[in-house]
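Heads up: the structure comes next, in structure tokens.
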Amino acid sequence: MGYLNLVFAIHSHQPIGNFDHVFRKAFDECYRLFIDAVEEFPNFRFAYHLSGPLLEWIEREEPRYLDRLRKLVKRGQLEMLSGGFYEPILASIPTADAIGQLDMMNRFIKEKFDQDAKGFWLTERIWTPELPMKIAPAGLKYTFVDDTHFLYAGLETNQLFGYRFTESEGYKLAIFPGLKELRYSIPFKEGEEVIKLLKNWIDPERDVIVSYADDGEKFGVWPGTYKWVYKKKWLREFLQLLEENSSWLRMILPSEALEKYPAEGRIYMPTASYEEMLKWALPVPSGKKMMEVIQRLEETGLYEESQRFIRGGLWDNFLVKYPESNCMHKKMIFLSSKARENNEELKAIWRAQCNCGYWHGLFGGIYLPHLRHAIYQNLIEAQRILRLGSDQVAAEVFDFDR
């Protein structure tokens, strides 16, 4: 019987401008407790992405946490994931900024954890076909998307295992599909049910790779999860179950999967994100019509087989839905085009590229004024630095909202 290899990746993030007490509560009730648990299970091997705003807060307030992560890296239990440092939507920012932010995170990982980043977290799993070429100079080899991306590309549900290669103008990138069934099960269902689900994917003829890639906040920040995951000990019991089933179930780091197993094939995915994002991005009337269509398909039992052919809008549609978002975005683009080789100026622009204040999901986003305030604060700071040394009043006439 072949092994089932589980690639386990989590992403933790707090946006620029969020309140300090939110960082503190999330750290105390989620991020710290997760590491407390996994330190006791050295065979639980995982990939971890922490966004730059969160890393900066941890470095300032809880530096010992970074030391603990470094020890996990050293003993081969942990692989740190890169990403745009201030959590931008990579497809929505200038290429130079995308490379700069990825390089910034790569350097942080090397300096703090003595590890060369090999893969990256794709913010909000927003994929565009030219992305491999855009991020190629950063030297990263893989990322994660949702399995729906693979379904949108025409694959069948029995083709969502392992990883596949894609490319843009010859620049290659490996893609792991995070399985929706695992995202909806971990950590919400009993551990035994998750193990039963994993057993369904065993292939007696060969080793199989399945991937879980989701938000770390589901382990303590989401409503009800702190009590469920830690007080009721879901996480420790789940980690123990993984140990007990190690005769057929192995935890594998994504870079090891690339080295040990060949790709399942080639794939070219359309512009996409996770299913819910594509619904939220639609104009309200279209969103309502889409939900009506989905409801009719569910009532007739046709939705599951037709789901891959039903997609909503693009993330960029938020710039149409919300003029406030578009104004911030266009000012950011303008200042980026004027930026000089000044680290503080670039950092201010990059901070203003933090995605959360430009759109909304379930948790407020653009509707939270302190997130918009932080974006404008950094845009104004970048503009101030840009004008340092100039004592003249200047004006420029151009199409700002282009």
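The values are calculated or read from the model by the stated rules, or taken from the named source; none is laboratory data. These figures come from a predicted structure and were not determined experimentally. Note that each Cβ is placed from the backbone with ideal geometry, even for glycine, and that neighbours are counted across all protein chains shown.
Of all residues in the stretch 346-367, those being without any contact (Cβ under 8 Å) to a residue 24 or more places away in the chain, over 17 Å from the mean Cα position of the chain (by Cα) and in a loop (DSSP other than H, G, I, E, B) number 1.
Scanning the stretch 101-111 for residues that are more than 17 Å from T123 (Cα to Cα) and touching a residue at least 12 places away in the same chain (Cβ under 8 Å) gives F108, I109.
Looking across the stretch 302-324, the residues that are under 13 Å from L278 (Cα atoms), in contact (Cβ under 8 Å) with a residue 12 or more places away in the chain and part of a helix (DSSP H, G or I) come down to Q307, R308, W315, D316, N317, F318.
Listed here are the residues, each with its yes/no results for (1) at positive phi; (2) touching a Phe, Trp or Tyr at 6+ places or on another chain (Cβ under 8 Å); (3) modelled with pLDDT of 95 or more; (4) not β-branched (V, I, T).
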{"position": "W121", "(1), (2), (3), (4)": "no, yes, yes, yes"}
{"position": "E130", "(1), (2), (3), (4)": "no, no, yes, yes"}
{"position": "D147", "(1), (2), (3), (4)": "no, no, yes, yes"}
{"position": "K172", "(1), (2), (3), (4)": "no, yes, yes, yes"}
{"position": "I186", "(1), (2), (3), (4)": "no, yes, yes, no"}
{"position": "G220", "(1), (2), (3), (4)": "yes, yes, yes, yes"}
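Within the bounds of the stretch 106-114, is there any residue that is under 30 Å from K199 (Cβ atoms) and more than 21 Å from the chain's Cα centre (by Cα)? No, because not a single residue in the stretch 106-114 is under 30 Å from K199 (Cβ atoms) and more than 21 Å from the chain's Cα centre (by Cα). The residues on offer are F34, F41, and the sole one that is among the hydrophobic types (A, V, I, L, M, F, W, C) and within 19 Å of the chain's Cα centre (by Cα) is F34.
Going through (1) loosely packed, with under 12 Cβ neighbours inside 10 Å; (2) part of a helix (DSSP H, G or I) one by one, S247 falls short only on (2).
Name the residue that is nearest to the chain's Cα centre (by Cα), counting only residues in the stretch 180-192 that are assigned to a helix (DSSP H, G or I) and acidic (D, E). Looking at residues that are assigned to a helix (DSSP H, G or I) and acidic (D, E), I get E181. No other residue among Q392, Q353 is on the phi < 0 side of the Ramachandran plot and touching a Pro at 6+ places or on another chain (Cβ under 6 Å) apart from Q353. The stretch 1-82 holds strands (runs of 3 or more DSSP E) entirely within its bounds, and those carrying 1 or more residues that are hydroxyl-bearing (S, T, Y) and crowded, with 21+ Cβ neighbours inside 10 Å map to 4-12, 46-50. Here M277 meets each of (1) in contact (Cβ under 8 Å) with a residue 12 or more places away in the chain; (2) more than 25 Å from the chain's Cα centre (by Cα) with one exception, condition (2). If you go through the stretch 165-179 and keep only what is out of contact with any Leu (no Cβ under 9 Å at 6 or more places or on another chain) and not in a strand (DSSP E or B), you end up with E169, G170. Among the residues making up the stretch 206-236, a single one is touching a residue at least 12 places away in the same chain (Cβ under 8 Å), aromatic (F, W, Y) and not in a helix (DSSP H, G or I): Y212.
Have a look at A98, A117 and point out the one that is part of a loop (DSSP other than H, G, I, E, B), without any contact (Cβ under 8 Å) to a residue 60 or more places away in the chain and assigned by TED's automatic domain parsing to the domain that holds L131. Every option except A117 fails the conditions. Of everything listed in (1) in contact with a helix residue (DSSP H, G or I) (Cβ under 7 Å, 6 or more places away or on another chain); (2) closer than 16 Å to Y268 by Cα; (3) not acidic (D, E), the single unmet condition for P187 is (2). Applying the set (1) within 30 Å of K196 (Cα to Cα); (2) in a helix (DSSP H, G or I) to A263 leaves exactly one unmet item: (2). Looking at the stretch 195-205, which of its residues are surrounded by fewer than 20 Cβ atoms within 10 Å (Cβ to Cβ) and either touching a strand residue (DSSP E or B) at 6+ places or on another chain (Cβ under 7 Å) or outside any loop (DSSP other than H, G, I, E, B) (or both)? Listed by number, the residues that qualify are I195, K196, L197, K199, W201, I202.
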